[in-house]
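Student: This is the structure I have questions about; it appears just below.
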Amino acid sequence: MIFRIVAALSLFLAPLAAQAETLVVTADRMIDVLEGETIDNPVVVVTDGRITAVSSGALPADLAEDAERLDLPGMTLVPGLIDMHVHLTTTPRIGGYRRLEYTDSFWLTLGVPNARAMLESGFTTIRNVGASDYADVALRQGINSGFYPGPRIVAATRSFGVTGGHCDMNGLPPSLVLRDGERGVNGPEAVRLQVRQNRRYGADVIKICVTGGVFSRGTEVGMQQMSAEEVRAAVEEAHMLGMRVAAHAHGNAGIRTAIEAGVDTIEHASYLDDETIRMAIARGTFFSMDIYNTEYTLSEGEANGVLEENLAKERQVGTIQRQSFQRAVELGARHVFGSDAGVYPHGTGGRQFARMVRFGMTPLQAIQAATANAAEALDRTADVGAIAPGRYGDIIAVDGDPLTDITALEDVDVVIKGGDVVLDRR
């Protein structure tokens, strides 16, 4: 008798346990980044975290009676934004040798508020391109387990380059012995081993440093540092393991080497000639160009402790990078949104959209760089990058129309991640 009662209760309760959670979002307009058009009076249905229907006008006839409603009159829906170049475990307020005042584990603690700031500014997915001690994997685990809010993290774990180059802990005295994870990686076989180790401990993507950089010591921004053989080894190994490769590369020669090796995205891409741009177009390589943060570095860097050597390199490269960006847009290169958050304060990356428009993009192109293009570069078009059936219910809403005024994306009013409203500032 008890068995029969339990069985009957199980049959009765099963439909309740399986009942879907549904959110219906309406607004004045929605940007369809896949078709490049605006949909008036959109109705977006999100069920159990994924979008199940997108229509215009009337609510679906089969909509569940207990579906949650979020009506946003006067607002525009945009897919959750994607930033392809983020450093969650750093801050621009601690520059130069001031970093040595802080214990190693301090940097991980920064990741929790920084992740929240990124999410609340509309970036529901980020690619973290470098973190010590696998801190970005730890943050991903904490966010995915619901311990604190943050975007979806695509983690690179350790970014690496050659001894004495960018992504090596240079600028320190020889008496200071570095851990293996802070030293350069030299030769194709060592590069292959590093890719495998990053993958072993949770990397989703590989980040290599092909040229010098602004914030490393003793490196020239445009000078190539990794050999063609080393870059090719990183790409071959990563692609074999199903991972994409991002290459920090400012100089034209290093950019060409990375493109020829099959790198998926070029970070910074400051010194470009037309031949290299056309090569990127032919190979399907994306440019990720951080054309906003130079303003912050030059205005606040000295007060934050950034060394004069690094400020001089920023003054040297900032204008040139923007000219390269404009020429790449003119020739039709494909771009993704990459801000270098951490070089400037997290949560203010929306300011870059206006610079992308100022230097040649249409507002739609700038938004597509941070949505559809970025999802393609991540190989995650089934999940993110558009408000479309099957993808996660990652949606932001802004007052007005960003296709008319792109600065609307600097002040996001509503953020929805996986069907959950994580911010509502209305």
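Here, each number is a calculation from the coordinates, and none is a lab measurement. Just so we're clear, the structure is a prediction, and the values are computed from it rather than from any experiment. Note: ideal-geometry Cβ built from the backbone for every residue, glycine included; neighbour counts use all protein chains shown.
Student: Hey, quick one: spin label on Asp104, modelled 7 Å out along Cα-Cβ, who in the stretch 183-205 has an amide N within reach, i.e. under 16 Å?
Tutor: Answer for the stretch 183-205: 183-184.
Student: Also: Would you mind counting up the charge near Val25? Only other residues with Cβ under 10 Å from its Cβ, with Lys and Arg at +1 and Asp and Glu at -1. If you can, show how the numbers build up before the last one.
Tutor: Details: positive: Arg69; negative: Glu68, Asp71.
That sum, taken over residues with Cβ under 10 Å, equals -1.
Student: Now for a different question. As a test of the formula, what do you get for the chain when each DSSP H run with n ≥ 4 contributes -39,500 (n - 2.57) and the sum is divided by the residue count, at 222 nm and rounded to the nearest 500 deg cm²/dmol? Mind dumping the intermediate values first?
Tutor: Details: 12 runs with 140 residues, N = 426.
Rounded to the nearest 500, it is -10000 deg cm²/dmol.
Student: Related question: Grab the other residues whose beta carbon is less than 12 angstrom from that of Gln326, score K and R as +1, D and E as -1, and report the net. If you can, show how the numbers build up before the last one.
Tutor: On the way: positive: Arg322, Arg327, Arg355, Arg358; negative: Glu330.
Surrounding charge for Gln326 is +3.
Student: Sorting check: for 347-356, 315-324, 55-64, which peptide has the highest mean count of neighbouring beta carbons within 10 Å, and how do the rest follow? Don't skip to the end; give the middle numbers.
Tutor: Numbers: 347-356: 22.1, 315-324: 17.6, 55-64: 10.9.
Packing proxy ranking, top to bottom: 347-356, 315-324, 55-64.
Student: Further question: I'd like the Karplus ³J(HN,Hα) series for the stretch 393-399: coefficients 6.51, -1.76, 1.60, θ = phi - 60°, whole numbers in Hz, and an x wherever there's a Gly or Pro.
Tutor: x, 9, 9, 10, 9, 10, 6
Student: Then there is this: Which value, in debye to the nearest 20, gives the size of the charge dipole of the chain about its Cα centre, when Lys and Arg are +1 and Asp and Glu are -1 at the Cβ?
Tutor: On the way: 38 positive and 55 negative charges, 206 e Å.
It works out to roughly 980 debye.
Student: Each label point is 7 Å from the Cα along the Cα-to-Cβ direction; what then is the distance between the points at Glu35 and Gln323, in nm?
Tutor: For Glu35 paired with Gln323, the spin-label model returns 4.2 nm.
Student: Could you list Glu65, Glu21 in order of exposure, starting from the residue whose Cβ has the fewest other Cβ atoms within 10 Å? Mind dumping the intermediate values first?
Tutor: On the way: Glu65 5, Glu21 14.
Fewest-to-most ranking of Glu65, Glu21: Glu65, Glu21.
Student: Mind checking the full-extension length gain between Ala382 and Ala20? Use 0.36 nm per residue of separation minus the Cα-Cα distance, one decimal, nm.
Tutor: Values: separation 362, 0.36 × 362 = 130.32 nm, distance 2.07 nm.
Separation in residues times 0.36 nm, less the Cα-Cα distance, equals 128.2 nm.
Student: Relative contact order for the stretch 81-347 using alpha-carbon pairs under 8 Å, separation at least 6, rounded to a whole percent?
Tutor: On the way: 583 pairs, mean separation 55.5, N = 267.
So the answer I get is 21 percent.
Student: Nearest-5 percent of antiparallel DSSP beta bridges in the stretch 81-347? Let's see the in-between values first.
Tutor: Values: 1 of 27 bridges.
Rounded to the nearest five, the antiparallel share is 5 percent.
Student: Considering the dipole of the chain built from charges on the beta carbon (Lys and Arg +1, Asp and Glu -1) around the Cα centre, which of Pro173, Ala156, Thr319 is farthest to its positive end?
Tutor: Pro173
Student: What residue among Gly96, Ala117, Ser270 has its Cα farthest toward the positive end of the dipole of the stretch 81-347, where the charges are +1 on Lys, Arg and -1 on Asp, Glu, each on the Cβ?
Tutor: Ala117
Student: Can you list the HN-Hα couplings for the stretch 285-300, worked out from phi with the Karplus curve (6.51, -1.76, 1.60; θ = phi - 60°), rounded to whole Hz and with x for Gly and Pro?
Tutor: 7, 8, 9, 10, 10, 8, 9, 9, 5, 4, 5, 5, 4, 6, 8, 10
Student: Where is the GNM fluctuation largest for the chain (alpha-carbon springs, 10 angstrom cutoff): Asn252, Asn198, Asn186?
Tutor: Its mean-square fluctuation being the largest, the pick is Asn186.
Student: Based only on other Cβ atoms within 10 Å, what is the fewest-to-most ordering of Leu193, Leu364?
Tutor: On the way: Leu193 14, Leu364 18.
Result, fewest neighbours first: Leu193, Leu364.
Student: Using a basic spin-label model with each label point 7 Å from the Cα along Cα→Cβ, how many nm lie between Arg200 and Leu63?
Tutor: 5.3 nm
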